[in-house]
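Some notes on the structure that comes next.
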Amino acid sequence: MKNYFNTKNLTTKFTEYIFIFLTATIFLLLASSKSYSEENVFIVDNVEVEGEIDVNFTRTKYIDKAFLYSFEILMSKILLSSDFKKISDIEFNKIKSLINSFQILNETYRSNKYKATFKIFYSDNKVKKFLSNKNISFSQPKNISAVFYPVLFIDDNLQNFDENYFYKHWTVIKIKNELINFILPIEDLDDIYNIKKIKNNIEELNINDLIKKYNTENYFFVLMQNENKKLNIYLKTNFNNNAVSKNISYEINNINDEVKKEKILKDLKIYATDVWKGENLINLSIPLSIRIKFENTNLANLDKLKNTLYDIGIIDDYFLEELNINHAFFKIYYYGNPKKLATELLEFGYKLENNQGHWVINNE
């Protein structure tokens, strides 16, 4: 009987060691995939190119065009507008080196015209290294919804929304990679009265009172006053409870100049997008590191966590440092800050907490 219990105990211990050994081996192999796998990419979808089919026609020319367009789209999505000029001199061969692969989603040859739609797969590791070498931070903002509330005074007269160029054209005029789904307000007499009353002391206006009926706390409030051939603009954004204010001014000789107003409208959209990008900016100069404890060592759950760490773009690399039958310890290198990392993990159902100086991750 004693031999039976000794054998059973030995078998249990042996099983535990086998579990730890096999799991550790799997994770050591998979952990390195973050650095060497070619599957981790930025994807630019639905890139359209077209042109005449003549004696000089080649598909390669249009594939190269798709690469160039896709790079412009990608950069407009992840960079602040002020950083665009830093990449304006990039050579085409460098752009191609950042691309892992591409797909032709649709292609037609009709009436001597070529049309094609591409899907371009960029390597995020290569793109990050390229931007880091140029000392450029990049942004990974999610799409959000926000109320766009434009107030326009012309010579002290408040324009109704149906007279307000910026209200009427806001959703019509586009910029590249619009990250914010803007909600246009409905004209309300009480709101108009309150705006008129404190026009010259706009800081006193409680903008939350204007937008609370739209079930969001995110807003882009724009107060414009046209007088003496100037358009003075007070801007206030609130995205995810981070409020930013700014004053700008434009020379405008004729308030009916639609070309000038379209440029101003695009500038306002770019400004709002830059504010949102800025809140999600990631400094690529030095990745931070964090050691986290995961208390569930079921192999399937460990594999699920591994896939999550792989999918989170701000994570540069990760390793399994310690594993036993009760828990696992991971070393993670990432860009940003712990709050940003916690937010990213929460989207995958994991809660990152600081427990008396030790970071612990659990299923939410």
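The values are calculated or read from the model by the stated rules, or taken from the named source; none is laboratory data. Note that the structure is predicted; figures quoted are calculated from it, not measured. Don't worry about glycine lacking a Cβ; one is built from the backbone with ideal geometry, like all the others, and counts go over all protein chains shown.
Some observations on this one:
- Answer from D311, D267 - the residue that is modelled with pLDDT of 95 or more, under 28 Å from the mean Cα position of the chain (by Cα) and surrounded by fewer than 16 Cβ atoms within 10 Å (Cβ to Cβ): D267
- The number of residues in the range 191-223 that are within 15 Å of L158 (Cβ to Cβ) and not hydrophobic (A, V, I, L, M, F, W, C) comes to 7.
- Flag for I73 being touching a residue at least 24 places away in the same chain (Cβ under 8 Å), on the phi < 0 side of the Ramachandran plot and assigned to a helix (DSSP H, G or I): yes
- Residues in the range 188-230 that are β-branched (V, I, T) and modelled with pLDDT of 85 or more were compared, and the one that is nearest to the chain's Cα centre (by Cα) is T216.
- Some residue of the range 340-347 being in contact (Cβ under 8 Å) with a residue 24 or more places away in the chain, among the charged types (D, E, K, R) and either loosely packed, with under 12 Cβ neighbours inside 10 Å or closer than 30 Å to L80 by Cα (or both): yes
- Any chance K176 is in a loop (DSSP other than H, G, I, E, B) and under 23 Å from G278 (Cβ atoms): yes
- Condition met for I192 (touching a Leu at 6+ places or on another chain (Cβ under 7 Å), assigned by TED's automatic domain parsing to the domain that holds S245 and exposed (fewer than 13 other Cβ atoms within 10 Å of the Cβ)): no
- For the range 304-323, the tally of residues that are more than 18 Å from L284 (Cα to Cα), free of Cβ contacts under 8 Å to residues at least 40 places away in the same chain and in a helix (DSSP H, G or I) stands at 2.
- Within the set I180, I173, the sole residue that is in the same structural domain as F221 (by TED's automatic domain parsing), in contact (Cβ under 8 Å) with a residue 24 or more places away in the chain and surrounded by fewer than 18 Cβ atoms within 10 Å (Cβ to Cβ) turns out to be I173.
- In the set (1) exposed (fewer than 12 other Cβ atoms within 10 Å of the Cβ); (2) within 30 Å of I207 (Cα to Cα); (3) without any contact (Cβ under 8 Å) to a residue 40 or more places away in the chain, D155 fails one condition alone, (3).
- Top-ranked residue in the range 86-125 [being assigned to a helix (DSSP H, G or I), touching a helix residue (DSSP H, G or I) at 6+ places or on another chain (Cβ under 8 Å) and surrounded by 18 or more Cβ atoms within 10 Å (Cβ to Cβ); ranked as modelled with the highest pLDDT]: I95
- When the test is whether a residue is surrounded by 14 or more Cβ atoms within 10 Å (Cβ to Cβ) and closer than 23 Å to W170 by Cα, N226 passes it.
The rows are residues; the columns are (1) of a type in the set (S, T, N, Q); (2) under 26 Å from N143 (Cα atoms); (3) more than 22 Å from the chain's Cα centre (by Cα).
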position: I63; (1), (2), (3): no, no, yes
position: F71; (1), (2), (3): no, yes, no
position: M75; (1), (2), (3): no, yes, no
position: S82; (1), (2), (3): yes, yes, no
position: I87; (1), (2), (3): no, yes, no
position: S97; (1), (2), (3): yes, no, yes
position: N100; (1), (2), (3): yes, yes, no
position: T108; (1), (2), (3): yes, no, yes
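- Among the conditions (1) surrounded by 13 or more Cβ atoms within 10 Å (Cβ to Cβ); (2) farther than 30 Å from P287 by Cβ; (3) of a type outside the set (A, V, I, L, M), the only one that Q140 does not satisfy is (2).
- Subset of the range 289-324 (residues that are in contact with a helix residue (DSSP H, G or I) (Cβ under 8 Å, 6 or more places away or on another chain) and of a type in the set (A, V, I, L, M)): I290, L299, L302, L309, I312, I314, I315, L320, L323
- When D45 is tested against the conditions (1) at pLDDT 50 or above; (2) surrounded by fewer than 14 Cβ atoms within 10 Å (Cβ to Cβ); (3) in a helix (DSSP H, G or I); (4) not β-branched (V, I, T), the lone failure is (3).
- Of all residues in the range 199-218, those that are in the same structural domain as I183 (by TED's automatic domain parsing) have Cβ atoms under 8 Å from Cβ atoms of residues that are surrounded by 10 or more Cβ atoms within 10 Å (Cβ to Cβ) and small (G, A, S), 6 or more apart or on another chain, in T216/S145; T216/A146; N218/S145; N218/A146.
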